[in-house]
Amino acid sequence: MDTGALLVILGKQGAGKGTQCVMLSRYYAIPHISSGDMLRSNVRQKTPLGLKAKQAMDAGELIPDEIVTEMIKARLLQDSALSTGFILDGFPRTALQAEALDEFISPNKLDAVINLDVPQATVIKRLASRRVCQDCQAVYSTSMPPKINWTCDVCGGEVVQRDDDTESSIIRRLELYDKETYPLIDYYTNANLLKNINGVGSTDAVLRRSIKAIDTALKLRYK
Ligand code: AMP
């Protein structure tokens, strides 16, 4: 049986991955699986994983590879996401995670890896002004707040600043991106999967660029 699109999105924190993923997941009718959202939900529910992860997350550190890999693997198996397809956001983030992903989706293969490219100065500005709905994760900013008093326009939840969107944590997360995640650009270039997308511009313009690149990759499946 044919699977749905198997996609990964890479990009610095604040590049707009979450926003693009929500739209790409609707467009391709595939689940958006965000490791950060899953971890934050564990923190809110005070699960053993959440209690373990909170301190590292607030400081901008990474959660150990084995823990995150197990969490994503379980999620992909749980909803037979391997047959429906998926867009992974925030995972993989290290070379070990990328290798583990290849292994556990085998014999399937990823169709494309989108790399949302946004200059460092832009992401720092976006992260400092970012505000997020605690319940549905809709993203706002101090310059584009919800209509009524920091109450989410989508679900009515409370819109807040993320605990890890502090200056020291932002600096640490961007450092770790360069050290641990940037090498994945080479990994996926060598696998012929990388699609560099200019992430500057309106949400719709960036979406159109991503869809064009993904559609081209999906056509390769049927060659
Ligand atoms: P994000 O929402 O993707 O920015 O993730 C928020 C935080 O969750 C990160 O700063 C890490 O502490 C943790 N995290 C999310 N995904 C991963 C991952 N794949 N590997 C390690 N830590 C992760």
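Here are a few things to note about the model shown:
- In the stretch 69-96, residue farthest from residue 4 (Cα to Cα) [restricted to those that are open to solvent by less than 10 Å² (accessible area, probe 1.4 Å) and either more than 12 Å from the ligand (Cβ to nearest atom) or in a helix (DSSP H, G or I) (or both)]: 72
- So residue 120, is it open to solvent by 70 Å² or more (accessible area, probe 1.4 Å), of a type outside the set (D, E, K, R) and without any contact (Cβ under 8 Å) to a residue 60 or more places away in the chain: no
- Reported count of residues in the stretch 46-68, each being within 10 Å of the ligand (Cβ to nearest atom), more than 21 Å from residue 171 (Cβ to Cβ) and in a helix (DSSP H, G or I), is 3.
- Filtered by the rule that a residue be surrounded by fewer than 19 Cβ atoms within 10 Å (Cβ to Cβ) and part of a helix (DSSP H, G or I), the stretch 127-137 gives 128, 129.
- Within the stretch 1-22, being over 14 Å from residue 211 (Cβ atoms) and part of a loop (DSSP other than H, G, I, E, B) holds for 1, 2, 3, 4, 11, 12, 13, 14, 15, 16.
- Applying the criterion of being open to solvent by 90 Å² or more (accessible area, probe 1.4 Å) and part of a strand (DSSP E or B) to the residues of the stretch 146-177, the residue that is farthest from the ligand (Cβ to nearest atom) is 148.
- Among the residues listed as 60, 4, 11, the single one being crowded, with 19+ Cβ neighbours inside 10 Å, within 28 Å of residue 186 (Cβ to Cβ) and modelled with pLDDT under 95: 60
The values are calculated or read from the model by the stated rules, or taken from the named source; none is laboratory data. Not measured: the values here are computed from a predicted model. All Cβ positions, even for glycine, are placed from backbone atoms using ideal geometry, and neighbour counts span all protein chains on display. Quick note on the areas: whole protein, heavy atoms, side chains included, nothing else; ligands and nucleic acids left out. Shrake-Rupley method; radii C 1.70, N 1.55, O 1.52, S 1.80 Å.
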